[in-house]
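Here the structure comes first, spelled out in structure tokens, and everything after it is commentary.
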2 protein chains.
Amino acid sequence: MTNIQQVAKQAGVSVATVSRVLNGQNTVSSKTRIKVEETIKNLNYEPSMLGRNLRNSESRILLILIPSISNPFYLEIIKGIEHVALSQNYNILLCETDSNPEKENIYFDLVRKKMADGIISMDPAVNIETLKELAEKYSIIQCSEYNVDSGIPYVSIDNEEASYRAVKHLIQIGHKKIALMNSDEKFLYARQREMGYQRALEEHGIPLRDDYIIYTKHLGFEHGQQAVKKILAIQDRPTAIFAVSDLLAIGALKEINASGLHVPNDVAVVGFDKIDFSSMTNPTLTTIAQPMYKMGTVAAEMLIDKIRGNEVDSVILNHELVLREST
Amino acid sequence: MTNIQQVAKQAGVSVATVSRVLNGQNTVSSKTRIKVEETIKNLNYEPSMLGRNLRNSESRILLILIPSISNPFYLEIIKGIEHVALSQNYNILLCETDSNPEKENIYFDLVRKKMADGIISMDPAVNIETLKELAEKYSIIQCSEYNVDSGIPYVSIDNEEASYRAVKHLIQIGHKKIALMNSDEKFLYARQREMGYQRALEEHGIPLRDDYIIYTKHLGFEHGQQAVKKILAIQDRPTAIFAVSDLLAIGALKEINASGLHVPNDVAVVGFDKIDFSSMTNPTLTTIAQPMYKMGTVAAEMLIDKIRGNEVDSVILNHELVLREST
DNA sequence: ATGAAAGCGCTAACAG
DNA sequence: CTGTTAGCGCTTTCAT
């Protein structure tokens, strides 16, 4: 493997000059530059990131923490992150935590060991205490799920307002018996979306019913199926369901179909996220579109900014209600 | 940031000894070992991968090339790869090429620049010439899609046989008019699956019909929708469709439903891959299960083996026909 | 069992 | 404009 020394020797210059050419410094005479560039080509030389990274004490790697790679919600965000990262010569290490603290810790170690320059955390179940501690020494951004009091900059949407608009839509098309399929209340977004649900109902004088609110442990398809069974079994059956995730909503859709009921005639369904599959279901799913790609680009820009030592502010992005066949 | 020097100084030993403790060498007296370990704890020392990697001239990073992160087929494979990688102290860099040679080249550069120790390529559209060239100097494995004559070790399934069994199943349940929804013939797996389709038909004395074979440019949901429209428009309409990817099959499912026909009564559908969503559709999809997780673990083991300098042999794994509601 | 020292490949401060 | 040189943090050979 040829190194910078050999290039220097061959070109008859010093390693410093080769390095200057490599880094596009303009303090090199064009004659020398050309000579060096030719030598590089002839020797098929590729500068080693290993040496450069040690010297610069950076890894040019960004860590992305997601709970599950199978959840398509994160895919668009990741694309956004990747786009910005690549354009700034960073690479991304995609880390699936399974919301498992041990696995999480393996990945945290990567930044402690200088293998990564910073973290974008999207795991709602992240150990926030550890994250706060890390954030004192390393660059960290939260994306989508966040903690207000942690001091860690975040990018997200206004969950309360989005949820409010989804439920208001159901009310406006005539529904009064609206169920909420929520995830675990320990997550901030779950609490915020429940608040939006409540506000919409209260504002229209619809009394809250505890039995119309179902919590699921995870955001998977099967959990939506199970949860909707409980909802359909309620005496005074709801005529509409707002699910806090498309995956839950799609599970609900399938189960409602299976039980012989019709969507939206018997039960209307609204999801949340606008994942790709939400337009592939039958019927297609009315849902809240999060600006996922944008969220990714913003998160990446914030992180790189922070790595460079700048102060960064949290950002709230806009959402959108997408009306489709399920309502 | 504390380094190995400071630990050595504080513990009253040499850096060599600290390094030995760090790497679990048994040539250190337990007294010294304990002293060093305590110092490490006290100083909150974390060894830098940057220094270690340069010294060992390795990055401990594995590159995974996939055409699209949105295709769930790859997700299980990736989990398998990740499992093995983590257990051997490797990390994986997930690289979406979009089947775009330029993006591909950015990632190839990573191994040229020592930022990655090897590559697992799953992109059918990979530039095989470049890959072959790279494989001479670096460790490379192909996974799922491969090239027989490239000399690059691969792990895959017997596509011809899998396809044969899928079509035979359709014949056995009474179908004679069977359409093939294939992807681009430039891919080996597409040609192999078409051969299996042909063999099944010939074996049962069913004549091949050119108009029953449709090619799609990509494996996306929408492409399945478009392709099935053409199939349904054929005069003597097929009563069954074998699609070479679940995503295509799911697109077909939706479009058939939309056109008022019933699956499987009017048209039976078989997919390929057994992605998670294939059990979430209505009806659920009969499909060929590839051992994706296993494929991932095998690929990772092969790659790590190769990085260590060993010879590795290609592997063909078993597949399975999963009967569900769509046939 | 331990230490001294070389060196992995690179960048940048300094000198000229 | 260019060269000399130190040093990033670590592992490992060679002495002792």
>> Looking only at region B:1-15, filter to residues that are more than 14 Å from chain A (Cβ to nearest Cβ) and either within 22 Å of A:Met115 (Cα to Cα) or more than 9 Å from DNA strand C (Cβ to nearest atom) (or both); which one of those is surrounded by the fewest Cβ atoms within 10 Å (Cβ to Cβ)?
In response: B:Gln5
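Inspect region B:219-229 for any residue being among the charged types (D, E, K, R) and in contact with a strand residue (DSSP E or B) (Cβ under 8 Å, 6 or more places away or on another chain) and give the result as yes or no.
no
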> When you scan region A:24-45, how many residues do you find that are within 14 Å of chain B (Cβ to nearest Cβ) and within 8 Å of DNA strand C (Cβ to nearest atom)?
Replying inline: 1
> Just checking, how many residues over region A:315-327 are surrounded by fewer than 16 Cβ atoms within 10 Å (Cβ to Cβ) and within 13 Å of A:Gln142 (Cβ to Cβ)?
Replying inline: 1
> Got a sec? Which of B:Tyr197, B:Tyr215 is over 23 Å from B:Ile78 (Cβ atoms), without any contact (Cβ under 8 Å) to a residue 60 or more places away in the chain, surrounded by fewer than 20 Cβ atoms within 10 Å (Cβ to Cβ) and in contact with a strand residue (DSSP E or B) (Cβ under 6 Å, 6 or more places away or on another chain)?
Replying inline: B:Tyr215
> What are the residues in region B:223-262 that are among the charged types (D, E, K, R) and under 19 Å from B:Ser326 (Cα atoms), if any?
Replying inline: B:Lys229, B:Arg237, B:Asp246, B:Lys254, B:Glu255
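A:Leu65 - would you say it is at pLDDT below 95, more than 9 Å from DNA strand C (Cβ to nearest atom) and closer than 25 Å to B:Ile66 by Cβ? Full working, then the answer.
Values: at pLDDT below 95: no; more than 9 Å from DNA strand C (Cβ to nearest atom): yes; closer than 25 Å to B:Ile66 by Cβ: yes.
It is false that A:Leu65 is at pLDDT below 95, more than 9 Å from DNA strand C (Cβ to nearest atom) and closer than 25 Å to B:Ile66 by Cβ.
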>> Condition first: of a type in the set (Ser, Thr, Tyr), within 13 Å of B:Leu86 (Cα to Cα) and away from chain B (no Cβ under 11 Å). Now tell me which residues in region A:91-116 satisfy that.
In response: A:Thr97
> In this structure, does A:Val270 turn out to be buried (at least 24 other Cβ atoms within 10 Å of the Cβ), more than 22 Å from A:Leu63 (Cα to Cα) and not acidic (Asp, Glu)?
Replying inline: yes
>> Condition check: modelled with pLDDT under 95, more than 30 Å from the chain's Cα centre (by Cα), on the phi < 0 side of the Ramachandran plot and among the β-branched types (Val, Ile, Thr). Does A:Thr17 satisfy that?
In response: no
> For region B:71-89, what are the residues that are under 9 Å from the mean Cα position of the chain (by Cα), modelled with pLDDT under 95 and more than 9 Å from chain A (Cβ to nearest Cβ)?
Replying inline: B:Phe73, B:Tyr74
>> Considering only residues that are surrounded by fewer than 16 Cβ atoms within 10 Å (Cβ to Cβ) and not β-branched (Val, Ile, Thr), which ones fall in region B:230-244?
In response: B:Lys230, B:Ala233, B:Gln235, B:Asp236, B:Arg237
>> Considering only region A:46-61, I want to know if a residue exists there that is at the interface with chain B (Cβ under 10 Å from one of its Cβ atoms), surrounded by 22 or more Cβ atoms within 10 Å (Cβ to Cβ), away from DNA strand C (no atom under 16 Å from the Cβ) and at pLDDT 95 or above.
In response: yes
> What residue, of B:Ala125, B:Ala135, is under 18 Å from B:Leu94 (Cβ atoms) and surrounded by fewer than 22 Cβ atoms within 10 Å (Cβ to Cβ)?
Replying inline: B:Ala125
> Taking region A:1-30 on its own, how many of its residues are of a type in the set (S, T, N, Q), farther than 15 Å from A:Pro47 by Cα, within 9 Å of DNA strand D (Cβ to nearest atom) and not in a loop (DSSP other than H, G, I, E, B)?
Replying inline: 1
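The values are calculated or read from the model by the stated rules, or taken from the named source; none is laboratory data. Everything quoted here is computed from the prediction, not taken from an experiment. Using ideal geometry, Cβ is built from the backbone for each residue, glycine included, and neighbour counts are taken over all protein chains shown.
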